[in-house]
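Below: the structure, in structure tokens.
The values are calculated or read from the model by the stated rules, or taken from the named source; none is laboratory data. From a predicted model like this one, the values you see are computed outputs, not experimental measurements. A quick note on method: Cβ atoms are made from the backbone with ideal geometry, for glycine too, and the neighbour counts reach across all protein chains shown. We work out accessible area using only protein heavy atoms, side chains counted, and drop any ligands, DNA or RNA first. Shrake-Rupley method; radii C 1.70, N 1.55, O 1.52, S 1.80 Å.
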Amino acid sequence: MTVAGTSSSPAVKKSGRAGPFKLLMRNQLAGFGLMVLAVILLLVIVTPWLPLADPDITDPSQRLLPPLTPGYWLGTDQLGRDMLSRLLWGTRVSLAVGIVATLVAATLGSTIGLLAGYFGGRVDGTLMRGIDMLMAFPYILLALAIVAVLGPGLLNALYAIAIVNIPFFARNVRGVVVTLRNREFVDAARLSGKGDALIVLTEVLPNVLPVIVITMSTTVGWMILETAGLSFLGLGAQPPTADLGSILGEGRRLIINAPHVATLPGVVIFVLVMSINLLGDGVRDALDPRLKAGALMRPAARTRVSDQARHTAAQKQQGLLDVVDLRTEFHIGTEVHKAVNGPTFSIAPGECLGIIGESGSGKSVTAMSLLGLVASPPGTIMAGQVNYRQENLLAVDDERLRRLRGGELAYIFQDPLSTLHPLFSIGDQLVEALRAHQPLSYRAAWQQAVVLLEQVRIPNAKARAKVYPHQLSGGMRQRVSIAMALANKPQLIIADEPTTALDVTVQAQVLKLLNQLRHEQGSSLMFITHDFGVVAELCDRVAVMYAGELVEVGPVAEVLAKPVHPYTRRLIACVPDVNQVADRLTEIPGLPPKVNDLPPGCKFADRCDQVTEACRAAPVELEALTETRQARCIFAREVL
Amino acid sequence: MTTQAKLEVRELVKHFGGGLTLLRKQRPSVQAVRGISLKVVSGEILGVVGESGCGKSTLAKMLVGLDQPSTGTIELDGINLKGANGKVNLKQHARRVQYIFQDPISSLNPRKTIRDILSAPLMYLQGLTKQQRQQRLDELMTQVNLRPEFLERYPHEFSGGQAQRIGVARALAAEAEVLILDEPVSALDVSVQAQVLNLFKDLRESLQLTYVFISHDLGVVRNFCDRVVVMYLGRVVEEGPVEAIFSQPRHPYTQRLLDSVPGQSVRKLPAEDDAVELPDPMHPPVGCAFAARCPVATTECRQSDPELETLATGHRVACYHPLSNSNVKDHD
């Protein structure tokens with residue numbers, strides 16, 4: 001009964017990915033920013049206890065002393081006040097105002113964003129139009145107007161700056177909340193009896209916090225600068241209180257005679273804002289999930305292939321495509337995920353090979369490795385050969401691979417909406433596919449595109465060539481992807497779950513079409529799926545994958561009628577049959593092994609009901625049982 | 001099985017969009033559900049099948065109170081969901097009808113532990129004290145075959161099947177009598193799918209639950225449900241006991257669905273023309289919505305929409321020319 005209980009060890013394994021702080025420190029500029037800021041913060045915090053002159057005590061006899069004068073390290077200003085002391089106290093004020101203004105803006109702006117995003121409709125319209133109005137004024141003008149109304153003073157300047165920055169928070173937060181509001185966990189919370197207020201505070205807010213922190217870290221520097229600006233104009237800090245802006249403003253008049261009075265606060269503002277911005281950018285990069293997922297990393301044009309695999313010459317060719325001991329791994333942080341663990345198979349000309357497996361079995365990575373489509377980093381092909389017509393595709397140069405991709409070797413993906421370009425008509429996209437491989441004029445290519453659309457049975461192809469992907473239904477879009485794959489007379493089409501996203505009646509049509517086209521054009525098909533019905537419908541042979549290995553290979557009818565490997569047998573048994581009713585569905589207990597922690601012996605051993613000591617002791621090889629059938633099980637011969 | 005209706009739906013209609021723009025122009029509206037009436041009997045599993053866009057998920061959302069019908073009524077044990085003030089008291093309703101989501105992971109808040117997630121219904125719907133909650137949490141985890149120490153973990157640490165068990169535990173925490181299962185296993189692998197389906201069956205036995213099971217997988221429906229409702233473009237086209245629907249479907253659409261299951265050796269209808277496309281839910285056709293794809297459609301079908309009519313006990317079909325064994329031949 002405790003099915004799931006056995007699957008996971010009590011000790012949670014730490015993921016190999018770096019945490020946010022580690023990521024932050026990996027960014028050297030951010031680390032530098034953090035260090036500078038830490039020094040400044042430390043200095044201003046201990047300022048009251050430092051042996052400094054009072055910043056407000058004037059001494060006309062000591063006025064405008066240059067820096068490095070004994071007793072006055074950084075000199076004095078026009079009233080003889082110690083510059084070092086004034087700068088430190090001024091930085092204190094500037095920082096405090098900047099941070100408080102940021103907190104005020106963040107609180108108000110986030111509240112507006114949360115309410116607008118969560119309630120939508122009229123609330124959203126009213127609040128966001130208000131924000132738009134706030135944004136329509138130039139910020140400094142708005143700040144000036146606010147200070148003019150409230151009167152000059154540090155506190156009023158703080159309000160002005162905070163109000164001016166509310167829109168940044170409101171807009172960012174609203175954008176995130178709008179997507180969160182439609183997430184299922186919000187509905188689930190509602191069904192758990194939570195009211196709107198609780199949902200906003202306990203479900204939505206925790207998911208928005210990173211965005212608020214990111215926005216704060218990138219605006220705090222800006223706010224310090226704005227405060228300084230207002231003080232510089234005489235609207236912020238009023239004498240005798242000084243912040244960096246007002247010191248700068250006072251020094252402006254003396255810039256010729258005593259440049260240090262204006263230069264020093266300028267330098268401090270620069271260093272302070274720079275350090276905060278560097279750190280802020282770092283914080284954003286570390287926290288933003290899109291950047292964390294590697295959106296900034298440019299993937300290589302083809303998967304990285306290890307030296308060993310790159311210099312392997314092609315073995316003797318057997319079928320149209322021979323895959324020999326292919327090994328693809330993902331290196332994430334300190335972990336190695338072994339996704340593909342040495343499948344060996346070949347596809348004959350005109351044959352349809354089905355690759356079947358559950359999610360995480362490595363079937364898609366296998367297919368993508370063939371043409372070097374696995375994202376690198378983190379993917380690497382460690383070993384193996386992919387031999388196509390006496391050529392090892394892992395060893396060919398980039399140009400040759402580019403010619404083969406979409407030419408002799410075509411690919412159909414699962415989701416046509418994300419593979420077709422939304423801004424080009426489908427005709428144009430076919431033309432592009434054709435002209436990438438054939439020297440055709442635009443007009444000739446267009447005509448051929450229409451022929452291709454007719455081939456995939458798109459009604460009224462001539463007119464339909466001009467429409468955009470979003471104007472087509474899912475089934476029609478998948479036909480377009482098929483047309484694109486057929487564009488350059490492929491020898492082999494690799495189809496990765498092309499019908500999984502489709503409805504069952506549409507799936508039936510697309511499968512029928514693929515079958516017809518395969519026979520018309522005589523191309524081979526490698527069909528990846530998780531559905532035995534689809535395999536039965538379309539394929540000649542089937543290869544069953546588990547944990548990156550092939551566990552059984554054979555003609556479809558034979559494998560379905562008499563599966564040899566326990567996994568195949570149980571997998572077939574647990575598919576509910578539409579033609580008959582079973583009292584209780586067969587289940588496979590447990591979960592597939594994690595690919596970063598594979599057992600040494602049979603990978604299915606933990607879930608197998610026939611497991612013995614021998615199964616776990618050593619790796620089990622894929623064994624040829626008859627001329628056409630292979631299986632990776634030590635009991636295979638007894639079964640067959 | 002008693003024939004007392006647990007949930008009864010009458011003339012349910014839901015359209016999205018519509019209304020007028022600022023310039024008084026008519027906005028386009030999508031008619032997701034176009035007049036559905038059905039009963040769910042206490043203790044049964046009612047399957048709702050149909051393809052994407054047929055309105056089955058909208059129906060599910062309305063049954064659980066997350067969406068409000070445009071017109072029509074939903075009754076639970078004979079009492080209208082809408083109270084005297086015309087609003088659904090979701091908190092009261094959620095104690096009796098709960099929902100299982102299609103995507104188990106995204107229905108769990110990524111920033112909350114399983115304990116927090118499961119405590120919410122215990123706190124807000126059941127009003128349990130801290131000690132009572134602890135005891136109930138342990139019970140719930142045992143009921144869905146998860147180890148109690150999983151309570152302290154976050155959703156991303158679970159596989160799809162485990163996450164779906166947590167979703168089930170959350171629904172059970174509310175002590176609901178009816179569960180609306182919206183494609184609860186379609187995001188799961190087949191080997192895990194069976195684990196979850198068997199869990200549902202066991203829970204129904206032990207807790208006397210009633211299920212509405214929304215699915216597009218006919219194999220699962222046949223093996224899991226007692227009765228089936230087939231939907232097409234926001235309407236019920238056929239309804240009946242699971243055996244009758246699968247062994248002798250009367251509506252051509254039901255037959256088409258069965259024929260489309262990949263790997264079928266016998267197909268009853270001629271293969272569908274490549275040119276057919278689904279009707280536009282913004283402008284549903286006047287007559288039978290399936291007429292354009294139907295091999296037996298006549299002019300009558302295109303002019304008026306057939307009503308559901310009873311053919312045999314409990315077997316109803318909305319078709320002027322229901323299939324019988326005589327007018328379907330075997331095609332392969």
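So the values come out like this:
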| quantity | calculated |
| --- | --- |
| Only listed residue being assigned by TED's automatic domain parsing to the domain that holds B:GLU139 and over 19 Å from the mean Cα position of the chain (by Cα), chosen from B:ALA163, B:ALA171 | B:ALA163 |
| Filtered residues of segment A:528-555 (kept if open to solvent by 10 Å² or more (accessible area, probe 1.4 Å) and over 32 Å from the mean Cα position of the chain (by Cα)) | A:GLY533, A:ALA536, A:GLU537, A:CYS539, A:ASP540, A:ARG541, A:PRO555 |
| Counted residues, segment A:17-53 - those being among the β-branched types (Val, Ile, Thr) and touching a residue at least 40 places away in the same chain (Cβ under 8 Å) | 4 |
| Only one of A:LEU430, A:LEU440, A:LEU423, A:LEU452 that is modelled with pLDDT of 90 or more and under 19 Å from A:ARG518 (Cα atoms) | A:LEU452 |
| Residues (crowded, with 16+ Cβ neighbours inside 10 Å, more than 7 Å from chain B (Cβ to nearest Cβ) and in a loop (DSSP other than H, G, I, E, B)) located in segment A:556-589 | A:PRO563, A:VAL564, A:HIS565, A:PRO589 |
| Filter result (open to solvent by 10 Å² or more (accessible area, probe 1.4 Å) and touching a strand residue (DSSP E or B) at 6+ places or on another chain (Cβ under 7 Å)) within segment A:494-513 | A:ASP496, A:GLU497 |
| When residues of segment A:488-515 are limited to those that are in contact (Cβ under 8 Å) with a residue 40 or more places away in the chain and acidic (Asp, Glu), the one nearest to the other protein chains (Cβ to nearest Cβ) | A:GLU497 |
| Pairs with Cβ under 7 Å, 6+ apart, first in segment A:182-194 and closer than 15 Å to B:ALA173 by Cβ and more than 7 Å from every other protein chain (Cβ to nearest Cβ), second open to solvent by less than 10 Å² (accessible area, probe 1.4 Å) and of a type outside the set (Val, Ile, Thr) | none |
| Unmet criterion (only one of (1) under 22 Å from B:SER37 (Cα atoms); (2) within 9 Å of another protein chain (Cβ to nearest Cβ)) for B:VAL230 | (2) |
| Qualifying residue in segment B:26-44 (condition: touching a strand residue (DSSP E or B) at 6+ places or on another chain (Cβ under 7 Å), at the interface with another protein chain (Cβ under 9 Å from one of its Cβ atoms) and of a type outside the set (Ser, Thr, Tyr)) | no |
| Condition broken by B:GLU149, with the remaining ones in (1) in a helix (DSSP H, G or I); (2) more than 8 Å from chain A (Cβ to nearest Cβ); (3) surrounded by fewer than 16 Cβ atoms within 10 Å (Cβ to Cβ); (4) not aromatic (Phe, Trp, Tyr) satisfied | (2) |
| Which numbered condition A:ALA543 fails, given (1) touching a helix residue (DSSP H, G or I) at 6+ places or on another chain (Cβ under 6 Å); (2) under 23 Å from A:PHE604 (Cα atoms); (3) among the small types (Gly, Ala, Ser) | (1) |
| Scope segment A:516-528; condition within 14 Å of another protein chain (Cβ to nearest Cβ) and in contact with a Leu (Cβ under 9 Å, 6 or more places away or on another chain); matching residues | A:LEU517, A:PHE527 |
| Residue check for A:ARG389: on the phi > 0 side of the Ramachandran plot, in contact (Cβ under 8 Å) with a residue 24 or more places away in the chain and of a type in the set (Lys, Arg) | yes |
| Condition check for B:SER324: open to solvent by less than 50 Å² (accessible area, probe 1.4 Å) and not assigned by TED's automatic domain parsing to the domain that holds B:SER52 | yes |
| Any hit, segment B:254-261, residues being within 11 Å of chain A (Cβ to nearest Cβ), more than 24 Å from B:PHE213 (Cβ to Cβ) and assigned to a loop (DSSP other than H, G, I, E, B) | no |
| Qualifying position, being aromatic (Phe, Trp, Tyr), surrounded by 24 or more Cβ atoms within 10 Å (Cβ to Cβ) and over 20 Å from A:SER246 (Cα atoms), among A:PHE169, A:PHE119 | A:PHE169 |
| Selection status of B:GLN164, in a helix (DSSP H, G or I) and over 27 Å from B:ARG95 (Cβ atoms) | no |
| Selected residue (criterion: nearest to A:GLY372 (Cα to Cα)) from residues of segment A:274-312 that are part of a loop (DSSP other than H, G, I, E, B), at pLDDT below 75 and open to solvent by 50 Å² or more (accessible area, probe 1.4 Å) | A:PRO299 |
| Criterion: over 37 Å from the mean Cα position of the chain (by Cα) and open to solvent by 80 Å² or more (accessible area, probe 1.4 Å) - qualifying residue of A:PRO70, A:PRO55 | A:PRO70 |
| Qualifying residue in segment A:416-424 (condition: surrounded by fewer than 18 Cβ atoms within 10 Å (Cβ to Cβ), touching a helix residue (DSSP H, G or I) at 6+ places or on another chain (Cβ under 7 Å) and free of Cβ contacts under 8 Å to residues at least 12 places away in the same chain) | no |
| Selected residue (only one of A:THR241, A:THR218, A:THR202, A:THR263 is outside any helix (DSSP H, G or I), surrounded by fewer than 23 Cβ atoms within 10 Å (Cβ to Cβ) and not hydrophobic (A, V, I, L, M, F, W, C)) | A:THR241 |
| Residue list for segment B:68-96, restricted to those being modelled with pLDDT of 90 or more, within 10 Å of another protein chain (Cβ to nearest Cβ) and open to solvent by less than 60 Å² (accessible area, probe 1.4 Å) | B:HIS93, B:ALA94 |
| Filtered residues of segment B:14-56 (kept if out of contact with any helix residue (DSSP H, G or I) (no Cβ under 7 Å at 6 or more places or on another chain), touching a residue at least 40 places away in the same chain (Cβ under 8 Å), charged (D, E, K, R) and open to solvent by 10 Å² or more (accessible area, probe 1.4 Å)) | B:ARG34, B:LYS56 |
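Conditions tested, residue by residue: (1) open to solvent by 10 Å² or more (accessible area, probe 1.4 Å); (2) outside any helix (DSSP H, G or I); (3) over 21 Å from B:LYS61 (Cα atoms); (4) aliphatic (A, V, I, L, M).
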site	(1), (2), (3), (4)
B:GLN193	yes, no, yes, no
B:ASN198	no, no, yes, no
B:LYS201	yes, no, yes, no
B:VAL212	no, yes, no, yes
B:MET231	no, yes, no, yes
B:VAL236	yes, yes, no, yes
B:GLY240	no, yes, yes, no
B:PHE246	yes, no, yes, no
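A quick yes/no check of all residues on (1) buried (at least 18 other Cβ atoms within 10 Å of the Cβ); (2) touching a residue at least 12 places away in the same chain (Cβ under 8 Å); (3) within 14 Å of chain A (Cβ to nearest Cβ):
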{"position": "B:MET282", "(1), (2), (3)": "no, yes, yes"}
{"position": "B:CYS288", "(1), (2), (3)": "yes, yes, no"}
{"position": "B:ALA291", "(1), (2), (3)": "yes, no, no"}
{"position": "B:CYS294", "(1), (2), (3)": "yes, yes, yes"}
{"position": "B:CYS301", "(1), (2), (3)": "yes, yes, no"}
{"position": "B:SER304", "(1), (2), (3)": "no, yes, no"}
{"position": "B:THR310", "(1), (2), (3)": "no, no, no"}
